[in-house]
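The values are calculated or read from the model by the stated rules, or taken from the named source; none is laboratory data. Since the structure is predicted, the reported quantities are computational estimates derived from the model, not experimental observations. Here the Cβ positions follow ideal geometry from the backbone for every residue, glycine too, while neighbour counts run over all protein chains shown. Accessible surface is based on the protein model in full, side chains and every heavy atom, while ligands, DNA and RNA are left aside. Shrake-Rupley method; radii C 1.70, N 1.55, O 1.52, S 1.80 Å.
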Amino acid sequence: MKKIFAMLLSVLLVLSLFAGCGSSGDSDMAYIKDKGKLIVGITDYAPMDYKDENGEWTGFDAEFARLVAKELDLEVEFFLIAAWSKKVFELDSKNIDCIWNGMTIDEELLSTCSVSDPYVINAQVVVMKADAIANYPDAASLADLKFAAENGSAGQKAAESIGVKNIVAVQDQAAALMEVAAGTADACVIDITMAYAMTGEGTSYDDLGVGLTLTSEEYGIGFRKGSDVTAKVNEIMAKFMEDGTLDALAQKYNLTLAK
């Protein structure tokens, strides 16, 4: 009887150890804390994430991510997402811990990720040669044009929603702009934040301009489904909204906060 009792105790001890491992393993925050760094998935997208003259990542989201990581006592590592359409795959595969790159909150994102509170207001806009904008006063007038859009992006969905059939899916928004500048596309749909930062007088695309606004939206940060990191980041975000930290950052990059 004593032997049986001892065996039962041993089994219970092993089960309790497995249960303990399971509970800690379920915490995304614990997993990230154990690594000591937050791996942030981004693309090259000014003014949210782009490299400065020293080759370091900067921009609104890059600075915001570093501020949040500091509050969490973590280092930041930036991971360039090669194909935006694979962003959730990179997240679920744990190649990254979050998608933090001027990402539009939509139903698809909410179904695949745990999404933070919104922090910046955005819109999808048409960019084309500045001298052609007046020829396209409404969505219907755009239907027969050749468009470029980042594959899997809100811009691609916005172009499709107005009936555009000829859409070239490219790697990122910068590539969409290049298609228009090169004349291989008539127009592109990109985020308004990037459109005003990258086009017009004094920019690399001074002959391009911003035309119609197709959608209005908000940016959020994507975490793994069920992640306990989301709530903590929301707490820190609320603090930064209240103390003016994000106001100063938004003014620096000419953005509008979602409040």
Q: For the stretch 24-47, name all the residues that are in contact with a helix residue (DSSP H, G or I) (Cβ under 6 Å, 6 or more places away or on another chain) and free of Cβ contacts under 8 Å to residues at least 40 places away in the same chain.
A: 24, 30
Q.
Given the options 164, 168, 127, name the one that is in contact with a Phe, Trp or Tyr (Cβ under 9 Å, 6 or more places away or on another chain), open to solvent by 30 Å² or more (accessible area, probe 1.4 Å) and either β-branched (Val, Ile, Thr) or part of a loop (DSSP other than H, G, I, E, B) (or both).
A. 168
Q. Does the stretch 141-159 include one or more residues that are surrounded by fewer than 16 Cβ atoms within 10 Å (Cβ to Cβ), at pLDDT below 95 and in a helix (DSSP H, G or I)?
A. no
Q) Which members of the stretch 51-62 meet the condition of being without any contact (Cβ under 8 Å) to a residue 40 or more places away in the chain and crowded, with 21+ Cβ neighbours inside 10 Å? A) 62
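From the residues in the stretch 208-221 that are out of contact with any Phe, Trp or Tyr (no Cβ under 8 Å at 6 or more places or on another chain) and open to solvent by less than 70 Å² (accessible area, probe 1.4 Å), which one is nearest to residue 90 (Cα to Cα)?
Going through the stretch 208-221, the residues out of contact with any Phe, Trp or Tyr (no Cβ under 8 Å at 6 or more places or on another chain) turn out to be 208-209, 213-217.
Still in the running and open to solvent by less than 70 Å² (accessible area, probe 1.4 Å): 208-209, 214-215, 217.
Working: 208: 33, 209: 33, 214: 29, 215: 27, 217: 24 Å.
Ranking the candidates gives 217 first.
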Q: Check the stretch 4-27 and report whether any residue there is modelled with pLDDT of 95 or more and of a type in the set (D, E, K, R).
A: no
Q: Would you check if there is a residue in the stretch 231-251 being in contact with a helix residue (DSSP H, G or I) (Cβ under 9 Å, 6 or more places away or on another chain) and part of a loop (DSSP other than H, G, I, E, B)?
A: no
Q: Kindly provide the set of residues from the stretch 173-225 that are small (Gly, Ala, Ser), in a strand (DSSP E or B) and closer than 18 Å to residue 101 by Cβ, ordered by number.
A: 220, 222
Q) What number of residues in the stretch 143-169 are over 17 Å from the mean Cα position of the chain (by Cα), more than 13 Å from residue 126 (Cβ to Cβ) and not basic (Lys, Arg)? A) 6
Q. Of everything in the stretch 86-114 that's open to solvent by 30 Å² or more (accessible area, probe 1.4 Å) and aliphatic (A, V, I, L, M), which residue is farthest from the chain's Cα centre (by Cα)?
A. 110
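I'm trying to understand the selection: among the residues of the stretch 64-85, which are at pLDDT 95 or above and either under 12 Å from the mean Cα position of the chain (by Cα) or open to solvent by 50 Å² or more (accessible area, probe 1.4 Å) (or both)?
At the first step, the residues of the stretch 64-85 found to be at pLDDT 95 or above are 64-81.
Within the stretch 64-85, 65, 66, 67, 70, 71, 73, 75, 77, 79, 80, 81 qualify.
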